[in-house]
Amino acid sequence: MLSVVITTRNEEANIANCIHAFDGFPAVEVIVVDNASTDRTKEIATSLGAKVLDKGPERCAQRNFGWRNAKGDWVVVIDADMILPRETVEEILGIAAVPISDSAPAAYWIPEVRSGSGLRVKARNFERSFYNGTAIDALRLFRRDLIDKTGGYDEELIAGGEDWEFDIRVLALGIRCGVLRNHLIHNERVLSLKRILEKKAYYSKSMTAYRAKWPNHPAVRKQFSPYYRFVGVFVENGKWKRLLRHPILAALMYFERFAVGLTYLINR
């Protein structure tokens, strides 16, 4: 069985689409962990057959509560504004159906594509495509026994830092990790620069604690290295050729990268 852990807070506009992605898959358990929603999020999720739990105050605690209540041998962790296309669910179930082996990956990164309109969304997708499987990405699909070994997400960290911190502990176990062939869809709607910067300002609040916990780790050095974030991740393994093929998207991407970097420096 696959268990899907979905974290929510006032997500009535998104939760139905997120849950409907698993319609017709009997081997999937959907768990919604809600953080004090005041809208119809829980009502909608319950009506669609999801197991609805209550937990807060942050996403890391919600995720931990979700996987600890999961029955599946594999767990995928997503947000309510994400949708797994049918082919992605089928790929994951194919992985979950194979007997557990130390030679097979025990965790996976899932490529992310943002939906929405406008050139900014195209630029964000262009940027995001460089991150798959790198230190800037975050694992989302795990074997349940692997999460048990790590103890889950650090609940002292808030949105953003807990993903990277968990990856460090997962990778420290020496297990293999893979990247799915298929992707998830992140519903960004109309993505404004203001909204991007507001989100990054919120995420920045946990980064000091995260960096203090792993001050000399190679992944952390990459994540906060101006060179890697602005150059290295975009040119390694021959990826620089894509920058040359898409100069307009690259220019917009770099403009936003500088704006995000400035926002981090102001809010850290």
| task | Could you state the angle between the C-alpha long axis of helix 161-172 and the longest principal axis of the C-alpha atoms of the chain, as a value from 0 to 90 degrees rounded to the nearest 10? | result | 80
| query | Which of the peptides 77-84, 96-103, 36-43 is most tightly packed, and how do the rest follow, judged by the mean count of other Cβ atoms within 10 Å per residue? | reply | 77-84, 36-43, 96-103
| query | Straight-line reach from LYS239: which aspartates and glutamates have a Cα under 18 Å away, not including same-chain ones fewer than 8 places off? | reply | GLU112, GLU127, ASP137
| Under 21 Å, Cα to Cα: Lys pairs in the range 2-191, sequence gap 8 or more or different chains | 6
| query | How would you rank 13-26, 63-76, highest first, on the average number of other Cβ atoms within 10 Å across their residues? | reply | 63-76, 13-26
| said: Quick check on packing: order 132-144, 45-57 by the mean number of other C-beta atoms within 10 Å, highest mean leading. | reply: 132-144, 45-57
| 222 nm [θ] for the chain, helices only, -39500 (n - 2.57) per DSSP H run of 4+, per residue, to 500? | -12500 deg cm²/dmol
| request: Mind running the shape call on the chain? Use the C-alpha gyration tensor, a ≥ b ≥ c as the square roots of the eigenvalues: rounded below 1.5 for a/c, prolate if a/b tops b/c, oblate otherwise. | output: rounded
| For TRP214 and VAL235 in one chain, what is 0.36 nm times their gap in residues minus the Cα-Cα distance, to one decimal in nm? | 5.0 nm
| Three-way shape label, the range 1-90, alpha-carbon gyration tensor, a/c 1.5 | oblate
| task | Give the distance, in whole Å, between the Cα centre of the range 242-259 and the Cα centre of the range 56-132. | result | 26
| query | In degrees between 0 and 90, to the nearest 10, how far off the longest principal axis of the chain does helix 247-267 point, with axes built from Cα atoms? | reply | 80
| query | Which percent, to the nearest 5, of DSSP beta bridges fully inside the chain are antiparallel? | reply | 25
| query | For the range 1-34 and the range 167-187, what is the separation of their C-alpha centers, rounded to whole Å? | reply | 20
| Once you charge only the Cβ atoms, +1 for Lys and Arg and -1 for Asp and Glu, what is the size of the charge dipole of the chain about its Cα centre, to the nearest 20 debye? | 1100
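Since every read-out is calculated from the coordinates, none of them should be taken as a lab result. As the structure is a computational prediction, the values presented were derived from the model and not from experiment. Virtual Cβ from ideal backbone geometry, glycine too; neighbours counted across all protein chains shown.
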